[in-house]
Amino acid sequence: MQFNVKDRPSMGDTPLHALDPRMKLVVAVLLIVGIVLTPERALPAYPLLWALVASLAVIGRVGVWRLARLGTVALPFALAGLTLLFTTPGQPLATVGGLTISDAGLLRFVSILIKSWLATQVSILLSLTTPFTDLLGALESLGIPQTLVLITSFLYRYVFTLNDEADRLRQARASRSAAPTYGRGGGRWWWRAQVAGGMIGNLFLRSTERSERVYAAMLARGFSGQMRAIAPPPLTWRAALPGLLPLLGLIVIEVLARLWWNG
Amino acid sequence: MSEMLIQVQGLYYHYPDGTAALEDVSFTIHRGEKVGLIGPNGAGKSTLLLHLNGILRSSSGQITIDGLPLTERSLRQIRAQVGLVFQNPDDQLFSTYVHQDVAFGPLHMGLPDAEVERRVEQALEAVGMRGAAGRISFHLSGGEKKRIAIATVLSMQPKILILDEPSSGLDPRGRRSLIQLLASFTDQTLLISTHDMRLAYDLCSRVIVLDEGKIAADGPAADLLTDAILMERHGLESVGHV
Amino acid sequence: MFIPVLAMHIPDGFLSIPVSALGWLLLIGIVAIALRQTRQQLGDRQIPLMGILAAFVFAAQMINFPVAGGTSGHLLGGTLVAILLGPWAAVLVMTSVIAVQGMLFQDGGLLAIGFNATNMGVIAAFVGYAAYALVGRVMRGRPGRHLIGAAVGAWLGVEVAALATALELAFSNTASLDIALPAMAGVHALIGIGEALITVAALAFIQQTRPDLIRGSEASASRGSGWIAVGLLIALAITLVSPLADPNPDGLERVAEDQGFIETAQQPPYEILPDYTVPFIESEAASTILAGVIGVIFVVGVSYATARLSKKRRGASGSQPI
Ligand SMILES: Nc1ncnc2c1ncn2[C@@H]1O[C@H](COP(=O)(O)OP(=O)(O)O)[C@@H](O)[C@H]1O
Ligand SMILES: [Mg+2]
């Protein structure tokens, strides 16, 4: 199995890429909050919210349809909400396999799907147009404790290295098990679980040993507990201003949704 | 200032599990010397190097760097003077971007941002990696990682540059270009641990042979490295006459 | 990029804003304590160790093993890390992992990070560790106690985290509790077995290669009476809260009854305790509480009994502590 962030085009020269990551993160979070707070009956608000997200995608040259497709990753989770169709009190609409779907249930379920799809697109747009390290920097300036941010940047730095090590362990497993790694390998499933566990134990030991060497390498260059970095430039109004546009759009949609479409 | 840059006197070290890694190690390195520290796997080379900037601390023995005894109080000062390049660049390059890694040392020496930037540029220039500052460390090739690892230490402008098995894991081309790079540091005092005899022969004027934690020989590289009996006895290969 | 997702990474849109905010508040508070605690334990090592172990958990979660029918199992890791490094370290490691999964891979939402990390980090670590420490205490001096404890802990950690997930969805009114709860509990009772097997196998490997690491973690677990209490409290609190969560407690039953399809409606996809209620008890709220409590008691009981049994057996053949 491979995972790849390398080919994600988080570098680019669109206004969306250029927007200060602190502002971008705040805008993304507010957009998601707005989407989730949209009254579920305000049906005209949904296409407008999508238009808002899609126009951001156009600005960031992400590809509206690609983003729409990527946004569906979270939808399988909706299985958890499927029962709302039947359990929400309302006018009966149809009966499926002995269960009755109510109109309120349908509205609720569909609105959750749409909101989740829209919110996920916002989150994808953020990650596609912002290098992850910039995102971490933004988190730190927004008050997330530095230590947690640093832990996460170490995660980001070493996840590839450790995944390569895990790949080598997987290859060793595959070469000895004389069976495809991802097909039905040899042995019972609990035996396979134990093989995986052994590999994980092995990986843990390599990881702790690596952490000791990395710590030594940090000490060797003068680390004494306090992480220093070159201070990021202060956030200027000029750099943050473009971020207000999508927020304005969101406010207009939400006001309309509450005043006229919430009946 | 003293001409003796490193003085090690009667150094012993036992790992917590009881392994005796160093026994009565003593030597002196002078300014401008290029010294090879050679010995088989497990000889204690890495252990010794880790002592030279106080990562490992031994209770018996004295280490003096440029006249300054290594103690708890002088630790930070000494770490700025002794630049240690670890064997595996993935341990050394722990930041996401090359720039962050090369800036780490100078920043932790407390230098102002402008000076840090200047040093990063200089160090990248010195290892032939100008313009690599914005690259992601993980994406570099093995040879490039090695160069950046050296740059992370050069940016601290250490008095002595110490490299632990610098040619391990490099292909022949990467190894050749590394030797060329190190040969270009003409004024820099160097201590290189290796069991790559060719590299020691090409770069060093003097070698120290370490085996089972003890110094077995110390002398001119041209003499020791061509001494087939000595090399054989310590699990090494002699360099044939060129 | 594909991570076989368990039904535990909640995406955005499924938690209401107040519930998301509560998750963030909880997480921020606990992470603040965890930062202080691990700083005390680890000093300057804190950042590289936690960071690289977070990368380890991320990579370990991708080591999967085929189970059946094209599905595959993999580790979640909260309990494993808690056992090896202590629950506070596990909180930081898991929070970091889940934040990256949400921010970079949309595996779980951004607003949902609060509760996702609380479920899979805090709850899995605290509850799993508590069970591990409890079994260790009960089986004091017996061989195999920490592997048994790890198995119980890993299973319970996943199970309680799944219950918490169901609760949060129900409080957000995006799932009805009387189905989500038994469904999550049932699915994760199975997933928890995989978690237990992997956790035990990983610990066994580590014990063979670096017994010193296991000894250290055992020693600190045996001092952790506080953790046992905390873990059990969390497990109990989650089961006690469950009946309050359903905005229309007679939802499905009522609709189904009205339509006359009560029999079909009462068959959730998976069940441990039928419908998560105990028969003969009138009030649904009370019976849900009781069902949860019985579940917890059951698990504690089983681990206690296993411990007793092996104690007796070893006692006869002369025991030798590891
Ligand atoms: N962390 C450690 N704990 C215990 N023993 C160690 C550790 N690191 C190295 N050793 C042992 O110390 C000796 C010297 O190791 P090292 O300095 O790494 O040798 P070299 O670098 O010459 O290959 C070896 O016997 C090795 O097994
Ligand atoms: Mg070595």
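The values are calculated or read from the model by the stated rules, or taken from the named source; none is laboratory data. Just so we're clear, the structure is a prediction, and the values are computed from it rather than from any experiment. We place every Cβ from the backbone using ideal geometry, glycine too, and count neighbours over all the protein chains shown.
Things to note:
- Restricting region B:155-170 to residues that are more than 21 Å from B:Val98 (Cβ to Cβ) and more than 16 Å from ligand 1 (Cβ to nearest atom), the residue that is nearest to the other protein chains (Cβ to nearest Cβ): B:Ile160
- The residue that is surrounded by the fewest Cβ atoms within 10 Å (Cβ to Cβ), among those in region A:72-94 that are among the small types (Gly, Ala, Ser) and in contact (Cβ under 8 Å) with a residue 24 or more places away in the chain, is A:Ala78.
- Taken residue by residue, region A:106-121 has at least one member that is more than 8 Å from chain C (Cβ to nearest Cβ), out of contact with any Cys (no Cβ under 9 Å at 6 or more places or on another chain) and polar (S, T, N, Q).
- Residue satisfying condition, being in contact (Cβ under 8 Å) with a residue 60 or more places away in the chain, surrounded by 19 or more Cβ atoms within 10 Å (Cβ to Cβ) and away from ligand 1 (no atom under 16 Å from the Cβ), within set B:Ala221, B:Ala151: B:Ala221
- Filter result for A:Ser224 (at negative phi, out of contact with any Asp or Glu (no Cβ under 9 Å at 6 or more places or on another chain) and either outside any helix (DSSP H, G or I) or at the interface with another protein chain (Cβ under 7 Å from one of its Cβ atoms) (or both)): no
- Helices (runs of 4 or more DSSP H) fully within region A:56-167 that include at least 1 residues being within 16 Å of the chain's Cα centre (by Cα) and at pLDDT 90 or above: A:64-70, A:103-129, A:132-141.
- Flag if C:Thr165 is of a type in the set (Ser, Thr, Tyr), in contact with a helix residue (DSSP H, G or I) (Cβ under 6 Å, 6 or more places away or on another chain), part of a helix (DSSP H, G or I) and over 23 Å from C:Leu42 (Cα atoms): yes
- Residue check, B:Ile38 within 16 Å of ligand 2 (Cβ to nearest atom), of a type in the set (Val, Ile, Thr) and either surrounded by 18 or more Cβ atoms within 10 Å (Cβ to Cβ) or modelled with pLDDT of 95 or more (or both): yes
- Restricting region B:49-83 to residues that are away from chain A (no Cβ under 14 Å) and within 15 Å of B:Leu22 (Cα to Cα) leaves a set whose member that is surrounded by the fewest Cβ atoms within 10 Å (Cβ to Cβ) is B:Ser59.
- Within region B:31-43, tally of residues that are near ligand 1 (Cβ under 6 Å from one of its atoms) and within 16 Å of B:Leu84 (Cα to Cα): 0
- Some residue of region B:118-133 being of a type in the set (Asp, Glu), within 11 Å of another protein chain (Cβ to nearest Cβ) and under 30 Å from A:Val149 (Cα atoms): no
- Any chance C:Ile148 is surrounded by fewer than 24 Cβ atoms within 10 Å (Cβ to Cβ) and not in a loop (DSSP other than H, G, I, E, B): yes
- Check on B:Thr186, under 19 Å from B:Leu161 (Cα atoms) and surrounded by fewer than 20 Cβ atoms within 10 Å (Cβ to Cβ): yes
- Residue match in region B:64-86 (condition: free of Cβ contacts under 8 Å to residues at least 40 places away in the same chain and within 16 Å of ligand 2 (Cβ to nearest atom)): no
- Sole exception among (1) buried (at least 23 other Cβ atoms within 10 Å of the Cβ); (2) among the aromatic types (Phe, Trp, Tyr); (3) out of contact with any helix residue (DSSP H, G or I) (no Cβ under 7 Å at 6 or more places or on another chain) for B:Phe86, by number: (3)
- Residues of region B:154-181 that are more than 16 Å from ligand 2 (Cβ to nearest atom) and either under 20 Å from B:Val120 (Cβ atoms) or buried (at least 21 other Cβ atoms within 10 Å of the Cβ) (or both): B:Leu154, B:Ser155, B:Met156, B:Gln157, B:Pro158, B:Lys159, B:Ile160, B:Leu161, B:Leu178, B:Leu181.
- Matching residues in region A:220-247 - criterion: being more than 30 Å from B:Asp91 (Cα to Cα) and over 24 Å from the mean Cα position of the chain (by Cα): A:Pro234, A:Leu235, A:Thr236, A:Trp237, A:Arg238, A:Ala239, A:Leu241
- The number of residues in region B:12-35 being within 14 Å of chain A (Cβ to nearest Cβ) and within 16 Å of ligand 2 (Cβ to nearest atom) comes to 1.
- Taking (1) touching a Lys or Arg at 6+ places or on another chain (Cβ under 6 Å); (2) at the interface with another protein chain (Cβ under 7 Å from one of its Cβ atoms) in turn, A:Ser211 satisfies each apart from (1).
- Here C:Val135 fulfils each of the conditions (1) on the phi > 0 side of the Ramachandran plot; (2) more than 10 Å from chain A (Cβ to nearest Cβ) apart from (1).
- Of all residues in region C:59-70, those that are out of contact with any Gly (no Cβ under 9 Å at 6 or more places or on another chain) and under 30 Å from B:Ile55 (Cβ atoms) total 1.
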